[in-house]
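> Below are the structure tokens for one structure; questions will follow.
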Amino acid sequence: MPETLHAFDLAEVNSAIAATEFAGHLHHLAATLSTNDLALQAAQAGARNGVWIADKQLAGRGRGRHTWHSLAGAGLYMTALIAPRIPMQSALSLSLRVAIAIQSAIVTVTRFQRPSQVDIRWPNDLMLNRRKVGGILIDTASNPATDAQPATLRYAVLGIGINVNHTTFPPELDAIATSLRRELPNPSEPLRREPLAAAILLALDAEIRALAAGNPQPATCSCVDPTECSTWIEGKRVRVEARDGDPGYTGTTAGLDPNGFLLVLGDDGPIHTVLSGGLREP
């Protein structure tokens, strides 16, 4: 008999985030094609904040051409629309700031350890005990530069998918994916999604405020160095999966450049700046 999962309580989340810019702008749907698409439509119509949460996505997107395995009520499928007044140069660090915010929220709710258990596979994957537990997909739009100022962020759409209550996965994903519930000492009881949703939005709000204020340090953790949040940033053997038909390559991660992009010392000799593509263990 299929397990009955808790209905999502939007009012509970809204109450918990009352002090943030997201309060009063939350939307919940039983199912939708993609929460990112809803946020993009709202942004293109002039909205500059909002949160869309769905029990199930029928066409959820991952990085590149990947799709997101979406089981009704088992995961947290959420997109936040933001529009801080920041230069596009500052917006380049959004991926890592968002990942740190989600990592901090997971640590707060579950008490898993960072980064030995909850790790960031730069820049868009959340790992739990070396298997993927969540992903981030960010779309941005900019205001063009003028003689008086550089290009600025018009809006950013932050798509977030977290495996919360999945107990099984399709065979092709079972060895590489997990859920929060599967990794708990006692996974018999389903987890409620509301505490995690609220914790993520509180952490996102803190990181966005810090970014807008020009604070280079993460607001939601005590990490002085990004390597304290991610074991993938330095000294990690990786395979970079390039996009758009370009061949990938292997190498060793060598930190971040001033814009927050990952550096990889390639086995072919040069240091590569990873502007797109995903990381995997070779």
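The values are calculated or read from the model by the stated rules, or taken from the named source; none is laboratory data. Just so you know, these numbers come straight off a predicted model, no measurement behind them. For neighbour counting, all protein chains shown are included, and Cβ atoms are generated from backbone atoms with ideal geometry for every residue, glycine included. Areas reflect the complete protein model, heavy atoms only, side chains present, ligands, DNA and RNA absent. Shrake-Rupley method; radii C 1.70, N 1.55, O 1.52, S 1.80 Å.
> When residues of segment 257-266 are filtered for being part of a loop (DSSP other than H, G, I, E, B) and within 15 Å of residue 232 (Cα to Cα), how many remain?
Of the residues in segment 257-266, 3 are part of a loop (DSSP other than H, G, I, E, B) and within 15 Å of residue 232 (Cα to Cα).
> Does segment 124-131 include one or more residues that are in contact with a strand residue (DSSP E or B) (Cβ under 8 Å, 6 or more places away or on another chain) and surrounded by fewer than 19 Cβ atoms within 10 Å (Cβ to Cβ)?
So far as segment 124-131 goes, yes, one or more of its residues are in contact with a strand residue (DSSP E or B) (Cβ under 8 Å, 6 or more places away or on another chain) and surrounded by fewer than 19 Cβ atoms within 10 Å (Cβ to Cβ).
> Go through segment 66-89 and report how many residues are open to solvent by 20 Å² or more (accessible area, probe 1.4 Å), at pLDDT below 90 and more than 17 Å from the chain's Cα centre (by Cα).
3
> Within segment 12-40, restricting attention to residues that are farther than 12 Å from residue 79 by Cα and of a type in the set (D, E, K, R), which residue is surrounded by the most Cβ atoms within 10 Å (Cβ to Cβ)?
Filtering segment 12-40 for residues that are farther than 12 Å from residue 79 by Cα and of a type in the set (D, E, K, R), the one surrounded by the most Cβ atoms within 10 Å (Cβ to Cβ) comes out as 21.
> Might you check whether a residue that is assigned to a helix (DSSP H, G or I), under 13 Å from residue 155 (Cα atoms), modelled with pLDDT of 95 or more and open to solvent by less than 50 Å² (accessible area, probe 1.4 Å) occurs anywhere in segment 41-60?
yes
> Across segment 159-191, what is the number of residues that are within 21 Å of residue 220 (Cβ to Cβ) and out of contact with any strand residue (DSSP E or B) (no Cβ under 6 Å at 6 or more places or on another chain)?
Total meeting the criteria: 2.
> Determine, yes or no, whether residue 227 is of a type outside the set (Lys, Arg), at pLDDT below 90 and not in a loop (DSSP other than H, G, I, E, B).
Yes: the conditions hold for residue 227.
> Of all residues in segment 209-220, which are in a loop (DSSP other than H, G, I, E, B) and either open to solvent by 30 Å² or more (accessible area, probe 1.4 Å) or β-branched (Val, Ile, Thr) (or both)?
Across segment 209-220, the qualifying residues are 213, 214, 215, 216, 217, 219, 220.
> Let me ask something else about it. Any idea which of (1) under 15 Å from residue 120 (Cβ atoms); (2) within 17 Å of the chain's Cα centre (by Cα); (3) open to solvent by less than 40 Å² (accessible area, probe 1.4 Å) is the one residue 223 doesn't satisfy?
(2)
> Are any residues in segment 171-204 charged (D, E, K, R), open to solvent by 20 Å² or more (accessible area, probe 1.4 Å) and not in a loop (DSSP other than H, G, I, E, B), and if so, which ones?
Within segment 171-204, 182, 183 qualify.
> Are there any pairs with C-beta distances below 9 angstrom linking a residue in segment 155-166 that is under 18 Å from residue 6 (Cβ atoms) to a residue that is polar (S, T, N, Q) and surrounded by fewer than 22 Cβ atoms within 10 Å (Cβ to Cβ), with the two at least 6 apart or on different chains, and if so which?
163/178; 166/178
> Mind checking whether some residue in segment 156-170 is open to solvent by 50 Å² or more (accessible area, probe 1.4 Å), assigned to a loop (DSSP other than H, G, I, E, B) and either modelled with pLDDT of 95 or more or more than 24 Å from residue 56 (Cα to Cα) (or both)?
The answer is no; no qualifying residue exists.
Table: residues versus (1) at pLDDT 90 or above; (2) open to solvent by less than 50 Å² (accessible area, probe 1.4 Å); (3) on the phi > 0 side of the Ramachandran plot; (4) in a loop (DSSP other than H, G, I, E, B).
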position	(1), (2), (3), (4)
239	yes, no, no, no
243	no, no, no, yes
247	no, no, no, yes
255	yes, yes, yes, no
268	yes, no, no, yes
272	yes, yes, no, no
282	no, no, no, yes
